[in-house]
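**Q** This is the structure, below, for whatever I ask next.
The values are calculated or read from the model by the stated rules, or taken from the named source; none is laboratory data. Values in this document were obtained by computation on a predicted structure and should not be read as measured data. Quick reminder, even Gly has a Cβ in these numbers, built from the backbone with ideal geometry, and neighbours come from all protein chains shown.
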Amino acid sequence: MDDLNTREGLPEPLRVLLAQYPRDIWQSHRNFDGLTRFWLERHLMFRQVLARLQADTRVFIDRGADPKRFSPETARMMGFFLNQLDGHHKIEDMHYFPQLMGLEARLVPGFELLDSDHHALDAELHGLAEDTNAMLGHLRARNAVQGRDAAGRLEGRLTRFAGFLDRHLIDEEELVVPVILHHAPRF
(Lines give C-alpha, C1' and ligand atoms only; values in the text may rest on other atoms or scores of the structure.)
Protein backbone atom coordinates (compact mmCIF):
# COMPACT_ATOMS: atom_id res chain seq x y z
CA MET A 1 0.00 0.00 0.00
CA ASP A 2 2.92 2.37 0.56
CA ASP A 3 4.51 1.69 -2.84
CA LEU A 4 4.02 4.54 -5.29
CA ASN A 5 3.58 1.98 -8.09
CA THR A 6 0.53 0.37 -6.51
CA ARG A 7 -0.86 2.90 -4.02
CA GLU A 8 -4.37 4.09 -4.75
CA GLY A 9 -4.36 6.91 -2.21
CA LEU A 10 -3.24 7.79 1.27
CA PRO A 11 -3.80 5.03 3.80
CA GLU A 12 -6.88 5.77 5.90
CA PRO A 13 -5.02 6.66 9.14
CA LEU A 14 -3.23 9.44 7.23
CA ARG A 15 -6.50 10.95 6.02
CA VAL A 16 -7.60 12.09 9.48
CA LEU A 17 -7.23 15.82 8.80
CA LEU A 18 -8.45 15.50 5.21
CA ALA A 19 -11.82 14.38 6.58
CA GLN A 20 -11.93 17.62 8.58
CA TYR A 21 -10.56 19.80 5.74
CA PRO A 22 -11.79 18.34 2.42
CA ARG A 23 -10.38 19.67 -0.83
CA ASP A 24 -13.50 21.67 -1.72
CA ILE A 25 -13.03 24.06 1.25
CA TRP A 26 -9.29 24.64 0.97
CA GLN A 27 -9.25 27.89 -0.97
CA SER A 28 -12.01 29.47 1.08
CA HIS A 29 -10.42 28.57 4.43
CA ARG A 30 -9.02 31.51 6.44
CA ASN A 31 -5.63 29.77 6.77
CA PHE A 32 -5.23 29.21 3.03
CA ASP A 33 -2.50 31.73 2.23
CA GLY A 34 -0.33 32.82 -0.66
CA LEU A 35 2.40 30.29 0.04
CA THR A 36 -0.10 27.42 -0.01
CA ARG A 37 -1.59 28.75 -3.25
CA PHE A 38 1.91 29.05 -4.77
CA TRP A 39 2.77 25.49 -3.69
CA LEU A 40 -0.40 24.09 -5.30
CA GLU A 41 0.29 26.15 -8.44
CA ARG A 42 3.75 24.56 -8.64
CA HIS A 43 2.10 21.13 -8.56
CA LEU A 44 -0.23 22.21 -11.36
CA MET A 45 2.75 23.52 -13.35
CA PHE A 46 4.53 20.15 -13.02
CA ARG A 47 1.45 18.38 -14.33
CA GLN A 48 1.13 20.83 -17.24
CA VAL A 49 4.78 20.66 -18.32
CA LEU A 50 4.71 16.87 -18.16
CA ALA A 51 1.52 16.77 -20.24
CA ARG A 52 3.15 19.06 -22.82
CA LEU A 53 6.26 16.87 -22.97
CA GLN A 54 4.01 13.84 -23.52
CA ALA A 55 1.93 15.57 -26.20
CA ASP A 56 4.94 16.95 -28.08
CA THR A 57 6.65 13.55 -28.02
CA ARG A 58 3.51 11.86 -29.33
CA VAL A 59 3.26 14.42 -32.15
CA PHE A 60 6.89 13.79 -33.04
CA ILE A 61 6.34 10.02 -33.13
CA ASP A 62 2.98 10.11 -34.94
CA ARG A 63 3.45 12.99 -37.35
CA GLY A 64 7.19 13.37 -37.68
CA ALA A 65 7.56 16.90 -36.30
CA ASP A 66 10.70 18.71 -37.38
CA PRO A 67 13.61 17.40 -35.25
CA LYS A 68 15.33 20.80 -35.50
CA ARG A 69 12.46 22.34 -33.58
CA PHE A 70 11.47 19.35 -31.46
CA SER A 71 14.98 18.64 -30.10
CA PRO A 72 15.84 22.02 -28.54
CA GLU A 73 12.31 22.55 -27.23
CA THR A 74 12.28 19.10 -25.63
CA ALA A 75 15.75 19.61 -24.16
CA ARG A 76 14.70 22.98 -22.70
CA MET A 77 11.38 21.78 -21.29
CA MET A 78 12.78 18.52 -19.91
CA GLY A 79 15.70 20.34 -18.27
CA PHE A 80 13.30 22.83 -16.70
CA PHE A 81 10.98 20.06 -15.52
CA LEU A 82 13.71 17.87 -14.02
CA ASN A 83 15.50 20.74 -12.27
CA GLN A 84 12.35 22.34 -10.90
CA LEU A 85 10.88 19.08 -9.62
CA ASP A 86 14.17 18.08 -7.98
CA GLY A 87 14.48 21.49 -6.29
CA HIS A 88 10.85 21.40 -5.18
CA HIS A 89 11.32 18.02 -3.51
CA LYS A 90 14.51 19.13 -1.77
CA ILE A 91 12.79 22.19 -0.28
CA GLU A 92 9.92 20.02 0.93
CA ASP A 93 12.21 17.36 2.45
CA MET A 94 14.61 19.79 4.12
CA HIS A 95 12.33 22.65 5.15
CA TYR A 96 8.57 22.18 4.98
CA PHE A 97 8.07 18.54 5.91
CA PRO A 98 10.16 18.69 9.12
CA GLN A 99 8.18 21.73 10.29
CA LEU A 100 4.85 20.12 9.47
CA MET A 101 5.84 16.85 11.20
CA GLY A 102 6.55 18.87 14.33
CA LEU A 103 3.01 20.24 14.23
CA GLU A 104 1.20 16.95 13.62
CA ALA A 105 3.09 13.98 15.08
CA ARG A 106 0.34 11.49 14.21
CA LEU A 107 1.02 12.16 10.51
CA VAL A 108 4.80 11.55 10.66
CA PRO A 109 4.33 8.22 8.80
CA GLY A 110 2.67 10.19 5.99
CA PHE A 111 5.64 12.52 5.65
CA GLU A 112 7.95 9.52 5.68
CA LEU A 113 5.81 8.04 2.89
CA LEU A 114 6.19 11.26 0.87
CA ASP A 115 9.95 11.23 1.45
CA SER A 116 10.03 7.64 0.18
CA ASP A 117 8.06 8.79 -2.87
CA HIS A 118 10.67 11.48 -3.51
CA HIS A 119 13.42 8.84 -3.59
CA ALA A 120 11.40 6.66 -5.98
CA LEU A 121 10.62 9.66 -8.19
CA ASP A 122 14.29 10.67 -8.17
CA ALA A 123 15.21 7.35 -9.78
CA GLU A 124 12.51 7.96 -12.40
CA LEU A 125 13.85 11.48 -13.05
CA HIS A 126 17.26 9.98 -13.82
CA GLY A 127 15.61 7.56 -16.24
CA LEU A 128 13.77 10.44 -17.94
CA ALA A 129 17.04 12.30 -18.34
CA GLU A 130 18.76 9.23 -19.79
CA ASP A 131 15.96 8.48 -22.25
CA THR A 132 15.74 12.13 -23.31
CA ASN A 133 19.50 12.34 -23.86
CA ALA A 134 19.50 9.10 -25.85
CA MET A 135 16.73 10.40 -28.11
CA LEU A 136 18.39 13.79 -28.56
CA GLY A 137 21.70 12.09 -29.39
CA HIS A 138 20.08 10.09 -32.19
CA LEU A 139 18.34 13.19 -33.53
CA ARG A 140 21.57 15.23 -33.45
CA ALA A 141 23.24 12.39 -35.40
CA ARG A 142 20.37 12.67 -37.90
CA ASN A 143 19.37 9.08 -37.32
CA ALA A 144 15.62 9.43 -37.75
CA VAL A 145 14.70 5.76 -37.22
CA GLN A 146 16.66 5.38 -33.97
CA GLY A 147 15.48 8.85 -32.90
CA ARG A 148 11.85 7.86 -33.37
CA ASP A 149 12.41 4.55 -31.56
CA ALA A 150 14.07 6.42 -28.68
CA ALA A 151 11.16 8.89 -28.66
CA GLY A 152 8.82 5.91 -28.28
CA ARG A 153 10.77 4.70 -25.25
CA LEU A 154 10.72 8.23 -23.82
CA GLU A 155 6.98 8.52 -24.39
CA GLY A 156 6.42 5.24 -22.53
CA ARG A 157 8.51 6.44 -19.60
CA LEU A 158 6.72 9.81 -19.58
CA THR A 159 3.36 8.03 -19.44
CA ARG A 160 4.41 5.79 -16.54
CA PHE A 161 5.98 8.74 -14.74
CA ALA A 162 2.81 10.82 -15.14
CA GLY A 163 0.89 8.19 -13.17
CA PHE A 164 3.53 8.07 -10.42
CA LEU A 165 3.77 11.84 -10.19
CA ASP A 166 0.03 12.42 -10.12
CA ARG A 167 -0.45 9.82 -7.35
CA HIS A 168 2.34 11.45 -5.33
CA LEU A 169 1.09 15.01 -5.83
CA ILE A 170 -2.49 14.14 -4.89
CA ASP A 171 -1.36 12.31 -1.75
CA GLU A 172 1.05 15.09 -0.83
CA GLU A 173 -1.64 17.75 -1.25
CA GLU A 174 -4.14 15.74 0.79
CA LEU A 175 -1.64 15.36 3.64
CA VAL A 176 0.02 18.78 3.64
CA VAL A 177 -2.80 21.24 2.97
CA PRO A 178 -5.02 20.01 5.83
CA VAL A 179 -2.06 20.32 8.24
CA ILE A 180 -1.50 23.88 7.06
CA LEU A 181 -5.18 24.75 7.37
CA HIS A 182 -5.39 23.18 10.83
CA HIS A 183 -2.21 24.69 12.32
CA ALA A 184 -1.56 27.81 10.18
CA PRO A 185 2.25 27.52 10.46
CA ARG A 186 4.45 30.46 9.55
CA PHE A 187 7.18 29.46 7.11
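**Q** Can you pull out the residues in segment 58-116 that are more than 30 Å from His182 (Cα to Cα), not aliphatic (A, V, I, L, M) and not in a helix (DSSP H, G or I)?
**A** Listed by number, the residues that qualify are Gly64, Asp66.
**Q** Would you please list the contacts, defined by Cβ atoms under 7 Å and residues six or more apart or on different chains, that run from a residue in segment 5-20 that is in a loop (DSSP other than H, G, I, E, B) and surrounded by 11 or more Cβ atoms within 10 Å (Cβ to Cβ) to a residue that is modelled with pLDDT of 95 or more and not small (Gly, Ala, Ser)?
**A** Sorted first by the residue in segment 5-20, then by its partner, the pairs are Arg7/Arg167; Gly9/Asp171; Leu10/Asp171; Leu10/Glu174; Leu10/Leu175.
**Q** Go through segment 33-57 and report how many residues are modelled with pLDDT of 95 or more and either part of a loop (DSSP other than H, G, I, E, B) or in contact with a strand residue (DSSP E or B) (Cβ under 9 Å, 6 or more places away or on another chain) (or both).
**A** Residues that pass the stated criteria total 0.
**Q** Which of the residues belonging to segment 11-24 are in contact with a Leu (Cβ under 8 Å, 6 or more places away or on another chain) and of a type in the set (A, V, I, L, M)?
**A** Hits for segment 11-24 are Leu14, Val16, Leu17, Leu18.
**Q** Return the residues of segment 39-63 that are in contact (Cβ under 8 Å) with a residue 40 or more places away in the chain and small (Gly, Ala, Ser); say none if nothing qualifies.
**A** Ala51 - this is the single residue of segment 39-63 that is in contact (Cβ under 8 Å) with a residue 40 or more places away in the chain and small (Gly, Ala, Ser).
**Q** Give me the residue from segment 119-139 that is over 20 Å from Asp56 (Cα atoms) and in contact (Cβ under 8 Å) with a residue 40 or more places away in the chain and, out of that set, surrounded by the most Cβ atoms within 10 Å (Cβ to Cβ).
**A** My answer is Leu121.
**Q** Still on this structure, please answer the following. Tell me, please, whether a residue that is out of contact with any Lys or Arg (no Cβ under 6 Å at 6 or more places or on another chain), surrounded by 17 or more Cβ atoms within 10 Å (Cβ to Cβ), within 15 Å of Leu14 (Cα to Cα) and not hydrophobic (A, V, I, L, M, F, W, C) can be found in segment 84-103.
**A** No, there is no match, as no residue in segment 84-103 is out of contact with any Lys or Arg (no Cβ under 6 Å at 6 or more places or on another chain), surrounded by 17 or more Cβ atoms within 10 Å (Cβ to Cβ), within 15 Å of Leu14 (Cα to Cα) and not hydrophobic (A, V, I, L, M, F, W, C).
**Q** Taking Ala123 as meeting all but one of (1) farther than 24 Å from Thr6 by Cα; (2) part of a helix (DSSP H, G or I); (3) modelled with pLDDT under 95, write down the number of the exception.
**A** Of (1) farther than 24 Å from Thr6 by Cα; (2) part of a helix (DSSP H, G or I); (3) modelled with pLDDT under 95, only one is false for Ala123: (1).
**Q** Within segment 136-187, can you find the residues that are at pLDDT 95 or above and not in a helix (DSSP H, G or I)?
**A** Once the filter is applied, which keeps residues that are at pLDDT 95 or above and not in a helix (DSSP H, G or I), segment 136-187 yields nothing.
**Q** Is there a residue being under 17 Å from Ala162 (Cβ atoms), polar (S, T, N, Q) and touching a residue at least 24 places away in the same chain (Cβ under 8 Å) anywhere in segment 73-93?
**A** Checked segment 73-93: at least one residue is under 17 Å from Ala162 (Cβ atoms), polar (S, T, N, Q) and touching a residue at least 24 places away in the same chain (Cβ under 8 Å).
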